[in-house]
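In what follows, a structure is listed as structure tokens, so that the remarks can point back to it.
Derivation of every value follows stated rules applied to the coordinates shown; laboratory data play no part. Everything quoted here is computed from the prediction, not taken from an experiment. Cβ sites come from the backbone with ideal geometry, for glycine too, and all protein chains shown count toward neighbours.
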Amino acid sequence: QLQLVESGGGLVQAGGSLRLSCSASGRTFSMYAMGWFRQAPGKERELLAAMHWSGGSTYYADSVKGRFTISRDNAKNTVYLQMNSLKPEDTAVYYCAADLGLASLRLGSATYWGQGTQVTVSS
């Protein structure tokens, strides 16, 4: 089992920034590709960013490309999502997820999920 716990969500004004963190415990974090998803009320879950276990390959959804950055610190068992230039439409519950394969995350599937953290962007 890999336990994932997100933190860093909150309320921010449009144009502001937040950094989400996802701390992992249990299995070997460095083996897993990590991703950040979000789900807004009435909408499907959306993959925002994903990173290979080595950090050598990343994916970004068009909706966040240039504004969000995924990074990981394998020594700290933590993955981050730096979110800049936030917009009201970024309001959602944000989840981190882990899978042995980056391809699975890109298909919207993951073996492990965090409990989510709320991000609200006011206009």
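Along the positive direction of the dipole of the chain (beta-carbon charges: Lys, Arg +1; Asp, Glu -1; about the Cα centre), which of THR120, ALA14, MET31 reaches farthest?
MET31
How big is region 53-123 in terms of Cα radius of gyration and Dmax, in angstroms?
12.9, 38
Using the C-alpha atoms of the chain, what convex hull volume per residue, in cubic angstrom, is computed? Don't jump to the answer; show the numbers that get you there.
Working: hull volume 11.0 nm³, N = 123.
Taking only Cα atoms, the chain has a hull volume of 89 Å³ per residue.
Figure the gain on full extension for SER30 and ASP62 (residue separation times 0.36 nm, minus the Cα-Cα span) and round it to one decimal in nm. Kindly include the intermediate steps, with their values, before the conclusion.
Working: separation 32, 0.36 × 32 = 11.52 nm, distance 2.64 nm.
Length difference between fully extended and current span is 8.9 nm.
Using 0.36 nm per residue, how much length does the chain from ARG106 to SER123 gain when fully extended, once their Cα-Cα distance is taken away? Don't skip to the end; give the middle numbers.
Details: separation 17, 0.36 × 17 = 6.12 nm, distance 3.03 nm.
Full-extension gain reported as 3.1 nm.
Expressed in nm to one decimal, what extension gain is obtained for the pair HIS52 and GLN1 from 0.36 nm per residue of sequence separation less their Cα-Cα distance?
Working: separation 51, 0.36 × 51 = 18.36 nm, distance 1.90 nm.
Answer, rounded to one decimal: 16.5 nm.
Using the Cα centre as the reference, give the magnitude of the dipole from point charges on the C-beta atoms of the chain (Lys, Arg: +1; Asp, Glu: -1; all else neutral), rounded to the nearest 20 debye.
Values: 11 positive and 8 negative charges, 27 e Å.
The calculation lands at about 120 debye.
What would the Debye formula give as log10 I(q)/I(0) at q = 0.25 Å⁻¹ for the alpha-carbon point model of region 47-93, no solvent?
Result of the Debye calculation: -0.96.
Please report the Cα spread of region 22-77 along all three principal axes, rounded to whole Å, starting with the longest.
Dimensions of region 22-77 along the principal axes of its Cα atoms: 35, 23, 13 Å.
With the contact rule set at Cα under 8 Å and sequence spacing of 6 or more, what percent relative contact order holds for region 1-108?
Working: 222 pairs, mean separation 36.9, N = 108.
Relative CO of region 1-108 lands at 34 percent.
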